[in-house]
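Read the structure below first, then the notes.
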Amino acid sequence: MGASEREIEELYRRRYVAFRNVVATVAGGREQARDVVQDAFAQAFRKRETYRGTGSLEAWVWRIAFRIALDAAPRDLAVLEPSLEQAFLEPERDPGLVDAIRSLPPRRRLVVFLRYFGDLSYEEIAKVCGISEGTVAATLAQARA
């Protein structure tokens with residue numbers, strides 16, 4: 001099936017900030033995230049003919065971005081902690097929220113970021129993370145608790 005150049009460009013224009021903010025929590029900061037997102041969209045553009053259309057185009061690009069980010073990320077998760085605050089536009093507005101999200105396990109934190117900062121649906125998060133929609137719902141409920 002493939003994706004068109006226009007679809008990928010439109011997704012980039014519409015969702016770049018969300019991609020950058022979420023990827024920053026994995027890549028180690030906004031500068032690294034910017035590079036990862038650029039690489040992910042470039043790769044999606046080059047490989048657009050391989051997109052099968054079985055899920056959303058956005059979920060397909062998220063998977064590419066996370067693969068690149070995880071390959072480039074520091075192996076020590078403690079190194080990633082400062083990037084969490086960078087993902088918030090104004091962390092000083094709600095330091096309690098920052099602390100609460102920082103205390104979550106990495107996978108739960110990722111699901112929270114994909115939902116609330118990436119604005120992905122439960123279905124898209126499930127596809128990106130390779131989990132069921134029920135697991136997404138349960139993970140978000142546990143995170144809110």
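Descriptive notes on the structure:
A quick yes/no check of all residues on (1) of a type outside the set (Gly, Ala, Ser); (2) over 16 Å from residue 22 (Cβ atoms); (3) in contact with a Ser or Thr (Cβ under 6 Å, 6 or more places away or on another chain); (4) crowded, with 20+ Cβ neighbours inside 10 Å:
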{"site": "107", "(1), (2), (3), (4)": "yes, no, no, no"}
{"site": "128", "(1), (2), (3), (4)": "yes, no, no, yes"}
{"site": "132", "(1), (2), (3), (4)": "no, yes, no, no"}
{"site": "137", "(1), (2), (3), (4)": "no, yes, no, no"}
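- Selection of the range 46-68 for residues being open to solvent by 70 Å² or more (accessible area, probe 1.4 Å), farther than 12 Å from residue 127 by Cα and out of contact with any Gly (no Cβ under 8 Å at 6 or more places or on another chain) yields 46, 47, 52, 67.
- Listed by position, the helices (runs of 4 or more DSSP H) inside the range 1-74 whose residues that are within 19 Å of residue 117 (Cα to Cα) and touching a residue at least 60 places away in the same chain (Cβ under 8 Å) number at least 1 are 5-27, 57-72.
- Meeting the requirement of 1 or more residues that are under 14 Å from residue 55 (Cα atoms), the helices (runs of 4 or more DSSP H) wholly within the range 91-145 are 122-129, 133-144.
- Among the residues making up the range 8-28, those that are buried (at least 16 other Cβ atoms within 10 Å of the Cβ), of a type outside the set (A, V, I, L, M) and over 17 Å from residue 127 (Cα atoms) are 12, 15, 20, 21, 25, 28.
- Cβ-Cβ distances below 9 Å connect the following pairs, each with a first residue in the range 117-143 that is closer than 20 Å to residue 100 by Cβ, a second residue that is outside any helix (DSSP H, G or I) and open to solvent by less than 30 Å² (accessible area, probe 1.4 Å), and a separation of six or more residues or different chains: 117/88; 125/118; 142/104; 143/104.
The values are calculated or read from the model by the stated rules, or taken from the named source; none is laboratory data. Everything quoted here is computed from the prediction, not taken from an experiment. Note that we place each Cβ from the backbone using ideal geometry, even for glycine, and neighbour counts take in every protein chain shown. Heads up: the accessible areas ignore ligands, DNA and RNA and are worked out on the full protein's heavy atoms, side chains in. Shrake-Rupley method; radii C 1.70, N 1.55, O 1.52, S 1.80 Å.
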